[in-house]
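The values are calculated or read from the model by the stated rules, or taken from the named source; none is laboratory data. Remember, it's a predicted structure, so these values are computed and weren't measured experimentally. Here the Cβ positions follow ideal geometry from the backbone for every residue, glycine too, while neighbour counts run over all protein chains shown.
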Amino acid sequence: MPSSPRNVLTGHTLAVRKIAASPHTGNILASASYDMTVRIWDLETGRAVSVWDGHTEFAYGVDWSLFGEGWLGSVGWDGKVFISDWAREWKKL
């Protein structure tokens, strides 16, 4: 058991509700937060590389598609499900 975390990912302004590791790329992680954003993280650098801010209420779920690299879905308390290709459609940081 490691004595310290591999990475501490900072950038969300409210609680993180869900994280999901990409099944296609070993160094990419997605997170959904109560700050109404979904972020993509590069675990090699520990930095957020992209953000989706389309939810108007808490984002509480995120998961990757097994069938298309880069595709993921997010859900929020606004009752919306967003499905998109983060690499082509999201704001880069």
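In the stretch 26-45, which residues are exposed (fewer than 14 other Cβ atoms within 10 Å of the Cβ) and either modelled with pLDDT of 95 or more or of a type outside the set (D, E, K, R) (or both)?
Passing the criteria: G26, N27, T45.
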Are there any pairs with C-beta distances below 9 angstrom linking a residue in the stretch 1-27 that is charged (D, E, K, R) to a residue that is surrounded by 10 or more Cβ atoms within 10 Å (Cβ to Cβ) and part of a loop (DSSP other than H, G, I, E, B), with the two at least 6 apart or on different chains, and if so which?
R6/L43; R6/G46; R17/Y34; R17/F58
Could you list, in sequence order, the residues of the stretch 46-93 that are at pLDDT 95 or above, more than 16 Å from S22 (Cβ to Cβ), surrounded by 14 or more Cβ atoms within 10 Å (Cβ to Cβ) and small (G, A, S)?
A59, G76
Where in the stretch 36-93 are there strands (runs of 3 or more DSSP E), lying wholly inside it, with at least 3 residues that are under 21 Å from L9 (Cβ atoms)?
38-42, 47-52, 59-64, 71-76
